[in-house]
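Read the structure below first, then the notes.
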């Protein structure tokens, strides 16, 4: 894939990120940081300018698709846009309208997109059902009794640490898979992890509260996916080239499995937050997360062989089952 083709696909991904118009200042700043980080890591040198062009509406879908003449690259651009729109839940009307325009500009028909759309929709369905959308309101007295009963039978710190490590290994493995939709499962699994940690400390959480907690820690959903996607694209992992194996992608994999570190640090922050009675401020949550991220990256290097081994065994059915909680 040429540099111009990378630019076109990244432009489309960024256009998809801002299609709903609902990104707050913190998320926009995180996307800007990622653009600079990817450029600094030897990727697309003018990615920060692409970000500015998208944010200030100096570019368009029609301009971006001009750089994509090969059908496989047009297909990949569409798949990436769907994933970006789906990563924080159901598509909004604005996102659906954007994807319709994109599909037409890419000259893709239903035969080329139907299977992927169904797979992405199925993952969103599974993710929504894996953790409650809302928690029933109970009286304060009942909540206190339930919390006391749960805390009494809490998982030990060692058990929680083992669970966090398993989620981190799995998410690192998902990031290494060549399928364009595989990274979409990372955030639902982070949500499940936080749900389990809260429950172990007597707190029943719903998806809304968990997503707010993850955002408060400084882990943006759209920005996290864009970073995963950008590293995959620049590392040559995307494209589904026949015959390529994980063992042949060792160099790229070493620099890309950052979802292990993000998941591990997030899990440790959640453990401290719920064990401490949920009194940490947003500033403290972010500071704690950032402080845990560096040692988590060191662990990531240590566990890379296990991450690669796990990636070699995963398939679509297993991923769905893991998000659903059946494995």
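So, of the residues in the range 216-233 that are assigned to a helix (DSSP H, G or I) and either more than 14 Å from the chain's Cα centre (by Cα) or at pLDDT 90 or above (or both), which turns out to be nearest to residue 280 (Cα to Cα)? Quick ask: steps written out before the conclusion?
Kept after step one, since they are assigned to a helix (DSSP H, G or I), are these residues of the range 216-233: 216, 221-233.
Pick out the ones that are also either more than 14 Å from the chain's Cα centre (by Cα) or at pLDDT 90 or above (or both) and you get 216, 233.
Values: 216: 10, 233: 37 Å.
The selected residue is 216.
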(message) Regarding the range 18-25, can at least one residue be identified that is in a loop (DSSP other than H, G, I, E, B) and buried (at least 21 other Cβ atoms within 10 Å of the Cβ)?
(response) yes
(request) Among the residues of the range 268-311, count how many are without any contact (Cβ under 8 Å) to a residue 24 or more places away in the chain, surrounded by 13 or more Cβ atoms within 10 Å (Cβ to Cβ) and not in a helix (DSSP H, G or I). (result) 1
(message) Could you tell me how many of the residues in the range 285-320 are farther than 12 Å from residue 170 by Cβ and out of contact with any helix residue (DSSP H, G or I) (no Cβ under 9 Å at 6 or more places or on another chain)?
(response) 5
(request) All but one of (1) crowded, with 20+ Cβ neighbours inside 10 Å; (2) under 17 Å from the mean Cα position of the chain (by Cα); (3) at pLDDT 85 or above hold for residue 201, so report the exception by its number. (result) (2)
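The values are calculated or read from the model by the stated rules, or taken from the named source; none is laboratory data. On a predicted model such as this, the values are computed, not experimentally measured, just so you know. All Cβ positions, even for glycine, are placed from backbone atoms using ideal geometry, and neighbour counts span all protein chains on display.
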